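Single-structure report; data block below.
The values are calculated or read from the model by the stated rules, or taken from the named source; none is laboratory data. These numbers come from a predicted model, not from an experiment. Cβ placement follows ideal geometry from the backbone for every residue including glycine, while neighbour counts extend to all protein chains displayed.
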Amino acid sequence: TVDISNPATGEEFVLGLKEITLPDGVTRPYSVWLSGNYPRALDGLTRILSLDMRVMDPAWIGMKLRKLLNYPEPLGDFMAFVPGSRKQQNWPSTVAYMAQLIIHRYAMLGVLDEKGYPMREMGILEVPRDANEPKLMQGGLCNECGNHSVIRKDGCDFCTACGAVGTCG
């Protein structure tokens, strides 16, 4: 749990995370809750984030939390400690500060890094590509599975998705 106080908006509340240890030994948060004086609209946000925390790939919750880091609130910016240090920083909103606190907890557990990216790629979400990487080319339409993944291999049409072999020659 963490105490959050935003003097600009008069909010004072506690942010809590419930955690579970998975069969592979990794501990991950699975629920976020608030208690105290906070806008009740944040209840919806905590419910959605709790559902997102249960997605197997931590890249999903990392992506959601990174998007919240710059969430502005009219007249809601305030100074607060950077999680894990004694330095203070200006935060654009209470929501942005909550997102950073949750990312920091994931980093303490070794699931995400301090920027909100997964420590271990699971392959469920596609990794963002560099600008200098060659673009993937779309293949032809496969009559068997319907994917656009037919390529020419050894003189025959071959579907890389289902393995169907088409016309040769």
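Quick check: anything in the range 18-33 in contact with a helix residue (DSSP H, G or I) (Cβ under 6 Å, 6 or more places away or on another chain), in contact (Cβ under 8 Å) with a residue 60 or more places away in the chain and under 19 Å from LEU109 (Cβ atoms)? Yes; the residues of the range 18-33 include at least one that is in contact with a helix residue (DSSP H, G or I) (Cβ under 6 Å, 6 or more places away or on another chain), in contact (Cβ under 8 Å) with a residue 60 or more places away in the chain and under 19 Å from LEU109 (Cβ atoms). Among the listed residues SER93, SER85, SER50, which satisfies the condition of being within 21 Å of LYS115 (Cα to Cα) and out of contact with any Phe, Trp or Tyr (no Cβ under 9 Å at 6 or more places or on another chain)? The unique qualifying residue is SER85.
Conditions (1) assigned by TED's automatic domain parsing to the domain that holds ALA96; (2) surrounded by fewer than 17 Cβ atoms within 10 Å (Cβ to Cβ); (3) part of a helix (DSSP H, G or I); (4) not hydroxyl-bearing (Ser, Thr, Tyr), marked per residue:
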| residue | (1), (2), (3), (4) |
| --- | --- |
| LEU15 | yes, no, no, yes |
| TYR30 | yes, yes, no, no |
| LEU34 | yes, no, no, yes |
| ARG40 | yes, yes, no, yes |
| GLY44 | yes, yes, yes, yes |
| LEU51 | yes, yes, yes, yes |
| VAL55 | yes, yes, no, yes |
| LYS67 | yes, yes, yes, yes |
| PRO74 | yes, yes, no, yes |
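Among residues of the range 83-113 being in a loop (DSSP other than H, G, I, E, B) and in contact (Cβ under 8 Å) with a residue 12 or more places away in the chain, the one that is surrounded by the most Cβ atoms within 10 Å (Cβ to Cβ) is SER93. Within the range 129-148, residues that are among the hydrophobic types (A, V, I, L, M, F, W, C) have Cβ atoms under 9 Å from residues that are modelled with pLDDT under 75 in these pairs: LEU136/ARG129, counting only partners at least 6 apart in sequence or on another chain.
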